[in-house]
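Provided herewith is a single structure, encoded as structure tokens, for subsequent inquiry.
Values quoted throughout were computed directly from the atomic coordinates according to the rules given, and no laboratory measurement underlies them. It should be emphasised that the depicted structure is a prediction, and the values quoted were computed from it without experimental measurement. Because the Cβ atoms are built from the backbone with ideal geometry, glycine has one as well, and the counts that use them run over all protein chains shown.
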């Protein structure tokens, strides 16, 4: 099939879409699609769809195209270089190229590679002697699908995506994999080997009989209306093979519309067996939603989730959203194994009450530095003394984003000292993510004040997860100016 035929077939195919729970579009994506909605791209658009000048991949690629020193150091710390070298980037879509440790790549490719690398943990629970059938909900521009296919472990790949984004992944995979790219235009009884099956949410009934070994969703459940996200998780619970896995890397409370799930437990993971829960150790912005990374397995019979398990899932996910990652790795692993200690339970109960608005001071010694960090955030946002709390956290803190937030507050309140600067200088991630607040601190007042307050508003929403996301007039003005300038927003 040539590109012209592929584009024409997708356009004709999507005319048959029907409204259902799966193809609802959130306010976030309505804004992102903009002039793309209802527009059929030309081949010339697709030939350059990954270039900085293109709007074709808004929302599924990245606004950041240059690989600065800070990002290069950060990615070098987290990427598996041997794996990256074994899978060179295909030269498709005319992306802005850069040199990364001797390899010609784009920033978008490196960031997607990092996500794909995380998803490899599923392989520890799958039969290494058999190729797998994969379904991905929301495939972006197709990079993660292409990497899974090139890994040699995949028998078939099914993509469910909105029409505006399906053009991107279909074109990219047609150009890069050598596999047949096929729209599911009849009821699919059985997946075909070496085939990429494409279906839109409005025609999901066409794959009602298909079953998969692995399901993937990265960073889009949280962008969907709640009804749609819950419907997809329920669909996956019914379409995994025995022992099938669901890899979910997602945030919650994304965007300002309050249309998505307010708590991770509302996705419906309780229909599965939880194999692992962890914070995402990497991100693309200091003010992301900061995903949880969950690996779930199809449950044979009724899944065993106690009420306390559900509450603690939400508490841990709310902690991740504040930028805590490495500091919570061990307790997250114990939670996954159902082996939380008495000290863990006391700490998580204090955190639960903190997020509900309680002001009690944490009295335990276990993970005390994390409690100090949270207390410092609340104090700093209220204009109260916070430097002592942040200094206590920095004595033991290991989470790059949380350290960067602590540094931001210390800079704002004039408490950033040489010893703290020394700690920052030793961590590539902290150098990268605290550079913005360093620039803010050098700005003249009132510009300095405006920029800090915009960031503080985001953090305030993170530590108050049980109230609706609020947007101040200042934030709304900033969004309006961004939209008027035509600047892309990174959706991660």
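Students often check this: by mean Cβ neighbours within 10 Å, which of 291-301, 41-51 ranks highest, and how do the rest follow? Display every interim value, and only then the final one.
Details: 291-301: 19.7, 41-51: 16.8.
For the peptides 291-301, 41-51, the packing ranking is 291-301, 41-51.
Just to confirm my numbers, what's the Cα centroid distance between the stretch 1-48 and the stretch 198-237 in Å?
Using only Cα atoms to place each centre, the spacing works out to 18 Å.
For the chain, calculate the relative contact order in percent as a whole number, restricting contacts to Cα pairs under 8 Å that are 6 or more residues apart. Could the numbers behind the result be given before it?
Working: 780 pairs, mean separation 64.7, N = 492.
Here the relative contact order equals 13 percent.
State, to one decimal in nm², a quarter of the convex hull surface area for the C-alpha atoms of the stretch 227-317, i.e. the direction-averaged projected area. Let's see the in-between values first.
Working: hull surface 25.1 nm².
Across all orientations, the stretch 227-317 yields a mean hull projection of 6.3 nm².
Given the convex hull over the Cα atoms of the stretch 272-363, what projected area results after averaging over all orientations, in nm²?
Details: hull surface 26.9 nm².
Averaging across all directions leaves 6.7 nm² for the Cα convex hull.
Just need the relative contact order of the stretch 364-485 here, percent rounded to a whole number, with Cα pairs under 8 Å and 6+ apart.
Numbers: 86 pairs, mean separation 23.2, N = 122.
Over the stretch 364-485, the number comes to 19 percent.
Quick one: pull the percentage of alpha-carbon pairs in the stretch 281-430 with a separation above 26 Å. Numbers along the way, then the final one.
Values: 3080 of 11175 pairs.
So the pairs more than 26 Å apart make up 28 percent of the total in the stretch 281-430.
Roughly what % of DSSP beta bridges within the chain run antiparallel, to the nearest 5? List each step's numbers first, then the result.
On the way: 16 of 40 bridges.
Of the beta bridges lying entirely in the chain, close to 40 percent run antiparallel.
Still on this model: Taking other Cβ within 10 Å of each residue's Cβ, how do 398, 136 sort, fewest first?
398, 136
So for the stretch 364-485, what are the equivalent ellipsoid semi-axes in whole Å, largest first, each being the square root of 5 times an eigenvalue of the Cα gyration tensor?
They are 25, 18, 13 Å, listed largest first.
Kindly express, to the nearest 10 degrees and within the range 0 to 90, the angle between helix 473-485's C-alpha long axis and the longest C-alpha principal axis of the chain.
For helix 473-485, the angle is close to 40 degrees.
Could you check the simple spin-label distance between residue 30 and residue 47, using points 7 Å along Cα→Cβ, in nm with one decimal?
For residue 30 paired with residue 47, the spin-label model returns 3.6 nm.
With a cut-off of 8 Å between alpha carbons and a minimum separation of six or more residues, what is the relative contact order of the stretch 40-198 in percent?
Working: 218 pairs, mean separation 32.4, N = 159.
Relative CO of the stretch 40-198 lands at 20 percent.
Quick one: helix 3-14 against the long Cα principal axis of the chain, what's the angle to the nearest 10°, folded into 0 to 90?
Taking the Cα atoms of the chain, the angle to 3-14 is about 80 degrees.
Sort the following peptides by mean Cβ neighbour count (other Cβ atoms within 10 Å, averaged over residues), highest first: 409-422, 110-123. Spell out each step's value before the answer.
Working: 409-422: 15.5, 110-123: 19.8.
In decreasing order of mean packing, 409-422, 110-123 become 110-123, 409-422.
Here's a follow-up. Which value results when the Cα radius of gyration for the stretch 35-78 is divided by 2.2 N^0.38 Å? Display every interim value, and only then the final one.
Details: Rg = 14.2 Å, N = 44, 2.2 N^0.38 = 9.3 Å.
Rg over 2.2 N^0.38 Å, computed on Cα atoms: 1.53.
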